[in-house]
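Nothing in this text is a laboratory measurement; each read-out follows from the coordinates by a stated rule. All of these numbers come straight from a predicted model, not from anything done at the bench. Ideal geometry is used to build each Cβ from the backbone, glycine not excepted, and the neighbour counts take in all protein chains shown.
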């Protein structure tokens, strides 16, 4: 499996490498597609709308927090790729993924992903709010208090289960996801509900590190 696979699958048999199943799980492709859809709302009079605090999204290094170290032991950065660009009305930023490395180890394999997209100004706050709505439109979300200006969480039980939190901080969209195996051999995944608290911790930690 390559990092470009849009919807990774977990093999029915125990994988030879305990890190492969976890490393193959990416919610980022779906997030990027929905963010593009969110950009379609662009209006001609955006100059009359409120601007946000971010000229650009921070790079993946902002996700290297204590919460990440605690939740993804011995993690390595496996994906650091740009999202969007100047031609995209939804904005631009980064998608990142960390995972427990392949091979024998003392920790149960897990992974975390991070998407950050800064909507262009002027009108960045409204665009980021629309990005949040469009990206989570197909999920059964729950509102989360105390994370950014607004935030929701959800779980994904397909393939390898994981939990996510999507939030908006001014004109910045921030999405964190977390999943883990249920055992050292990666014969099955942990329940996604168990990862919700961790996804929230990762979101709070990233937001705390955002430049002011």
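By the count of other C-beta atoms within 10 Å, a proxy for reagent exposure, 156, 145, 55 are ordered fewest to most as 145, 55, 156.
On full extension, the segment bounded by residue 139 and residue 194 gains 18.0 nm, given 0.36 nm per residue less the C-alpha separation. Ranked by the mean number of other Cβ atoms within 10 Å of their residues, highest first, the peptides 68-81, 117-130 fall in the order 117-130, 68-81. Inter-label distance, residue 81 to residue 157: 2.9 nm, where each label sits 7 Å from its Cα along the C-beta direction. The relative contact order of region 85-212 comes to 23 percent, based on Cα pairs under 8 Å that sit 6 or more residues apart.
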